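Here is the structure we will look at, set down as structure tokens.
The values are calculated or read from the model by the stated rules, or taken from the named source; none is laboratory data. Every value quoted in this text rests on a predicted model; they were computed, and no experiment measured them. Note: ideal-geometry Cβ built from the backbone for every residue, glycine included; neighbour counts use all protein chains shown. Note: accessible area is taken over every heavy atom of the protein model, side chains too, but ligands, DNA and RNA are not part of it. Shrake-Rupley method; radii C 1.70, N 1.55, O 1.52, S 1.80 Å.
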Amino acid sequence: MMGGWSKRDVTRLRTAMTSQGRGMEEISEEIRHLTGCSRLAAVRMALGWSQPEVVERYAAQATGSMMDQPLLSRLEAFPAAGARAPQATQIIALATIYGTTPLRLLDPNALDRLDEHERAVLIRCNTAFTGPLSTAGDSALQASVSAGALPVLGPVSITSTTMPGQASRPPLTTVAGHLERQVEMAARRALRFGVTAEGSNVGPETLDQLRAEVARLAIAYPQQPLPTLLADLVDLQDVTFRLLEGRQRPAETTDLYLLAGALCGMLAKASHDLGDPHSAMTQARTAHVCADNAGHPGLQAWTRGLQSMIAYWAGWPHEAVRYAQLGDEPATAATGTSSVWLPAQEARAWAVLGDHAKAEAAISQANAARDGVRGDELDELGGIMTFPRPRQLYYAADARVWLPGAEDQAAQAAEEAITAYEAADELERSFSDEAGARADQALARVNSGDLDGAAHALRPVLDLPPDHRIGGIVTSVMRVHQALRATGYRTVPLARDTQQEIESYSQLRAAALPPGR
């Protein structure tokens, strides 16, 4: 141990500071100050983890990326003599494991000594991660203190609900009461059903009525405020579950599972839009159970895309990649647009992880999948169950906006998405994705030094009424706020004014409004 400190000394310090109510950031900084170690090593020691434990977690988290104890030791010693400069992807993976942001693992001197491209990737991707040191780190520390031992080895769950680019926001566990209760009740109902599903007769008229209602809600979701739809979604999900818990002919059971999966998927999106990724994942898992029971490749691929999307916005990019790749097999058998959504979503996750090549490969894969689309039952439902071309262009922009050097490509893809949405049929419009494309256009312009253009691109988003300000839109706008904190903009009046307007905008959002019918 550096500075004459032993592992026992660090454990004693960690225990004492935790009992004083101090957070992980304070503890790691104190360890760094007293021992003279790097930030990367201090965070690990603040968590109470050994290097072999971190190596094992790394193998589980960043599959396909090599890490062993000697390499970790050399990375932790950087920038000292004989150390090894870390790659951006390594720091990003370790930040995910530790429940922090990548830049908190490197001091300014270490960051400045990185390769220029690696440094640019870390700076650009930093805003997509939860931070400061998240509740995952604090929970692990509390476990080690209360048990008198190191935490039990296993993947760390990043429980913070801070979205990418929103480090200054309070946790979204304060989502307004009525809507949150509805989402949580629906998630519990989905969980009970999902447990029994893996182990009243319905006539054609009932099925047709259910299908029409699901299609109505699917089309309405991208176009109407969430508070006006949530109660109907919960009610229809309950009706469908009750029917499935009865008895019907096999063909009708298959149809019911397909509709139930679509409803669970929409409620997963609702939970996500209200800032509750854990309820969202519960609904999404049940949607996937329904997809499996229906034996529908399109819905199987769609639910994996949904899980990947939830993980992406929650700040869990490795999970986002994993879920997208779990959908590869059903996507190859799918004939609908869900086969396009999966690689497009995977591209965004790879971009946040700093892997330019894999992000571009996934964008190309999505373009190829588009050529093979013939349509399926999900596309017939329409709306949120489809992945139209304008949305694909928005996803490409949302991926490239993370990649240093791809600012022009990101701005072009965002412009193409905006133009495509404006020219699209009304049933293909989506206020949230259009807003996301405009926010990406603004972010690309900020990164290119065009503040006037950024403010112009963001204007339609900031003019959205509060009931349209769902989680993903606020997150996208806060990314622009974060980018405007760059040193070169701190004294620019337009940058300051735009930041202030974004802050006011984000304080009143859809989650804080009363429900409607």
ALA333/ASN367 FRET efficiency (R0 30 Å; Cβ-Cβ; nearest 0.05): 0.95
Heavy-atom surface of the stretch 359-458, accessible at 1.4 Å and reported per residue (Å²): 38
Label-to-label distance, nm, for residues given as HIS117 and ARG249 (7 Å Cα→Cβ offset): 6.1
Debye log10 I(q)/I(0) for the stretch 252-317, one point scatterer per Cα, at q = 0.19, 0.23, 0.27 Å⁻¹: -0.60, -0.82, -1.04
Cα shape, the stretch 442-484, gyration tensor, a/c 1.5 rule: oblate
Derived scalar couplings ³J(HN,Hα) [the stretch 414-422; Karplus, 6.51 cos²θ - 1.76 cosθ + 1.60; whole Hz; x for Gly, Pro]: 5, 4, 5, 5, 4, 4, 5, 5, 5
Principal semi-axes in Å for the stretch 327-414 [√(5λ), Cα gyration tensor, largest first]: 24, 13, 9
Among ILE123, PRO102, THR63 the positive-end extreme of the charge dipole of the stretch 57-125 (Cβ point charges): THR63
Backbone HN-Hα couplings from phi across the stretch 438-449 [Karplus 6.51/-1.76/1.60, Hz, Gly and Pro as x]: 5, 5, 5, 4, 5, 5, 4, 6, 4, 5, 9, x
Tail fraction, Cα-Cα pairs, the stretch 250-379, threshold 25 Å, whole percent: 21
Globularity ratio of the stretch 388-517, using Cα Rg and 2.2 N^0.38 Å: 1.03
The stretch 197-263: C-alpha gyration tensor shape, a/c 1.5 cut-off, then a/b vs b/c: prolate
Percent accessible area from carbon and sulfur atoms, the stretch 281-410, protein chains only, probe 1.4 Å: 47
Derived scalar couplings ³J(HN,Hα) [the stretch 286-292; Karplus, 6.51 cos²θ - 1.76 cosθ + 1.60; whole Hz; x for Gly, Pro]: 5, 4, 5, 4, 4, 4, 5
Volume of the Cα convex hull of the stretch 21-106, divided per residue and given in Å³: 89
